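Below is one structure; the comments refer to it alone.
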Amino acid sequence: MIYADNAATTKMSESAVNAMFSVISENYGNPSSLYEFGQKAKEILERAREDVAASIGAQPREIYFTSGGSEADNQAIRSAAELGKKAGKKHIISSAFEHHAVLHTLNKLEKEGFEITLLPVHENGIIIPSEVEEAIKEDTCLVTIMFANNEIGTIQPIKEIGSICRQHKVLFHTDAVQAIGHVKIDVEDLNVDMLSASAHKFHGPKGVGFLYVKKGIMLTNLIEGGAQERGKRAGTENVPGIAAMAVAVKEAVAGIDANREKVQPIRDKIIAGLKEIPHSALNGDLEKRLPGNINFCFEGIEGESLLLLLDDKGIAASSGSACTSGSLDPSHVLLAIGRVHDVAHGSLRLSLGEDITEEDADYIISAVKDTVTYLRGFSPVWRDLEAGKTKFILE
Amino acid sequence: MALYSEKVMDHFRNPRNVGVIEDADGVGEVGNAKCGDIMKMYLKIKDGIVEDVKFETFGCGSAIASSSMATELIKGKPLEEVRKLTNEAVVEALDGLPTHKIHCSVLAQEAIEAALKDYESKQ
């Protein structure tokens, strides 16, 4: 199988598996216990915090371990909202194509009386920093913009947005779940106040992530209980997961340049190959995108059937069609970059891993070409397009 | 657990009666591309019997399988029987569909109804 769905999840690295196993089997103590055995676990936890902090240029005390990216997003936004509320500021700025962990939290806050501005992400899937500045008002308490989009892989101008937020003294959070381990991140340099991450996107385990919170920003608890994570996140720490995440993030960050050099040319080869399919289009900017992300729309076909047939051919991928999203609407990301429903249903996302080869690329290109042609062969939509009864949307 | 039954996958991978009947006696198209499903049914009717049927579908795996199964269920059948075809019969013949995919079978039933209506309007 060619696993081309690394934006969904990744395979754990061998060293992450080993780190996890060693904690489970040998150092299973509770970090809150005061005897030596518990303190050993505490040591592992704090060393992991140092490694995680170093990977994004933060201080260890600025790292809070969570159950993953969604929890980190929830807690960051909730905390900023609470702080805002106390200061009489109830306006939050975000974008139309954020992850649902962000959008649904914002929906909830809107019902609680907050005003939410969702910025447009334009045809190329990139936010314009000046539009962030124009949207900032007297009562803006938070700007939350994702680092890289999970579907179309576009990388946002985080540094510029961060600096605008600093100037206006507005908190800035970024969901960096897709970016960590692919893009160099230094929170100081980028002017980021809060940042969310998830271990399983960078070859760590599922069910663990972290939230970076700049010193001095008061967090609000989502989970009440014990005094873990300096009283901000109760519950016995997931020490095996955290230890494995620390190993994984260190490896991923150390490999950023080498992996990009290897994966990006293969990504570009696949993009060039798929562009040969008539009436198709790449979604999102070609340059400012994650090294392993490919996202296309093919006119006249539906994404789920494409995925199932690619699965039969040994390719694991993803789509933004309604049928795969479990709702009637196709991906909100594709709609946000201006793809109409008809076209958005026919989307395909390939997110490459570091083990991808040139041969895999050739195989993917020919498999996708064949499958799209086959499905168009009995698509009434394609028939009408070809007969000129309806107009092509994609060139 | 697989997303679909073996039957669904079989009809999806090897759809029966795919294509167009150029001189069809009745043609029905339902659904819309905005929702992600369009089915088109072509009927050739002789002496009150569905002599031939073909379909074209833009849609997900279960939409393609539902169209394929529906054509099998009506091919060679008298019109009074075809008129009684329900989406439940399509679902049953496919060994079930996930709840959120039942509408695909409804679409198959409606496409056949639309093709019959077209046929009758020409009589």
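Considered as a group, the residues in segment A:226-248 that are over 13 Å from A:E46 (Cα atoms) and among the basic types (K, R) include one that is surrounded by the most Cβ atoms within 10 Å (Cβ to Cβ), and that residue is A:R233.
Restricting to segment B:21-43, name every residue that is facing another protein chain (nearest Cβ under 8 Å) and touching a residue at least 24 places away in the same chain (Cβ under 8 Å).
B:E29, B:A33, B:G36, B:D37, B:M39, B:K40 - these are the residues of segment B:21-43 that are facing another protein chain (nearest Cβ under 8 Å) and touching a residue at least 24 places away in the same chain (Cβ under 8 Å).
Cβ separations smaller than 9 Å between residues 6+ apart or across chains give the following pairs from segment A:355-381 residues that are more than 14 Å from every other protein chain (Cβ to nearest Cβ) to residues that are buried (at least 21 other Cβ atoms within 10 Å of the Cβ) and small (G, A, S): A:I356/A:A4; A:I356/A:G292; A:D360/A:A4; A:I364/A:A4; A:I364/A:A317; A:V368/A:A317.
Residues of segment A:282-303 that are in contact with a strand residue (DSSP E or B) (Cβ under 6 Å, 6 or more places away or on another chain), away from chain B (no Cβ under 14 Å) and of a type outside the set (A, V, I, L, M, F, W, C): A:N283, A:G284, A:D285, A:K288, A:R289, A:G292, A:N293, A:N295. Scanning segment B:111-123 for residues that are more than 14 Å from chain A (Cβ to nearest Cβ) and either buried (at least 18 other Cβ atoms within 10 Å of the Cβ) or part of a helix (DSSP H, G or I) (or both) yields B:I112, B:E113, B:L116, B:K117, B:D118, B:Y119, B:E120, B:S121, B:K122.
Picking from A:L306, A:L335, which residue would you name as being surrounded by 23 or more Cβ atoms within 10 Å (Cβ to Cβ), among the hydrophobic types (A, V, I, L, M, F, W, C), within 14 Å of chain B (Cβ to nearest Cβ) and not in a loop (DSSP other than H, G, I, E, B)?
The unique qualifying residue is A:L306.
Only one entry in A:T140, A:T174, A:T154 is in contact with an Asp or Glu (Cβ under 7 Å, 6 or more places away or on another chain), polar (S, T, N, Q) and modelled with pLDDT of 95 or more, namely A:T154. Residue pairs whose Cβ atoms lie under 6 Å apart, separated by 6 or more positions or on different chains, with the first residue in segment A:158-173 and exposed (fewer than 15 other Cβ atoms within 10 Å of the Cβ) and the second part of a helix (DSSP H, G or I), are A:K159/A:L190. Checked against (1) in contact (Cβ under 8 Å) with a residue 60 or more places away in the chain; (2) buried (at least 21 other Cβ atoms within 10 Å of the Cβ); (3) within 14 Å of chain B (Cβ to nearest Cβ), A:H279 passes all but a single condition, namely (2). Would a scan of segment B:76-99 turn up a residue that is within 22 Å of B:G19 (Cα to Cα) and within 14 Å of chain A (Cβ to nearest Cβ)? So far as segment B:76-99 goes, no, none of its residues is within 22 Å of B:G19 (Cα to Cα) and within 14 Å of chain A (Cβ to nearest Cβ). Answer yes if at least one residue in segment A:65-74 is over 30 Å from A:R349 (Cα atoms) and touching a strand residue (DSSP E or B) at 6+ places or on another chain (Cβ under 8 Å), and no otherwise. Within segment A:65-74, not a single residue is over 30 Å from A:R349 (Cα atoms) and touching a strand residue (DSSP E or B) at 6+ places or on another chain (Cβ under 8 Å). A search for C-beta distances below 8 Å between a residue of segment A:12-40 that is within 10 Å of A:V247 (Cβ to Cβ) and any residue that is of a type in the set (D, E, K, R), counting only pairs 6+ apart in sequence or on different chains, returns A:S13/A:E251; A:S15/A:E251; A:A16/A:E251.
Every residue, every condition in (1) out of contact with any helix residue (DSSP H, G or I) (no Cβ under 9 Å at 6 or more places or on another chain); (2) closer than 25 Å to A:V192 by Cα, yes or no:
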site: A:L211; (1), (2): no, yes
site: A:Q264; (1), (2): yes, no
site: A:L290; (1), (2): no, yes
site: A:D311; (1), (2): yes, no
site: A:G314; (1), (2): no, no
site: A:G320; (1), (2): no, no
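Scanning segment A:41-60 for residues that are in contact (Cβ under 8 Å) with a residue 24 or more places away in the chain and over 29 Å from the mean Cα position of the chain (by Cα) yields a single hit, A:A41.
How about segment A:91-146: which of its residues are surrounded by fewer than 21 Cβ atoms within 10 Å (Cβ to Cβ) and among the polar types (S, T, N, Q)? Passing the criteria: A:N107, A:T117, A:N124, A:S130. Determine whether A:T373 is within 24 Å of B:E56 (Cβ to Cβ) and surrounded by fewer than 15 Cβ atoms within 10 Å (Cβ to Cβ). Yes.
All conditions but one from (1) touching a Ser or Thr at 6+ places or on another chain (Cβ under 8 Å); (2) among the charged types (D, E, K, R); (3) under 27 Å from A:G181 (Cα atoms) apply to A:E46; the one that does not is (1). Residues that are more than 8 Å from chain A (Cβ to nearest Cβ) and within 13 Å of the chain's Cα centre (by Cα) were ranked within segment B:9-19; the one that is surrounded by the fewest Cβ atoms within 10 Å (Cβ to Cβ) is B:R16.
The values are calculated or read from the model by the stated rules, or taken from the named source; none is laboratory data. Because the structure is a prediction, the values reported are computed rather than measured. Backbone-built Cβ (ideal geometry, glycine too); neighbour counts: all protein chains shown.
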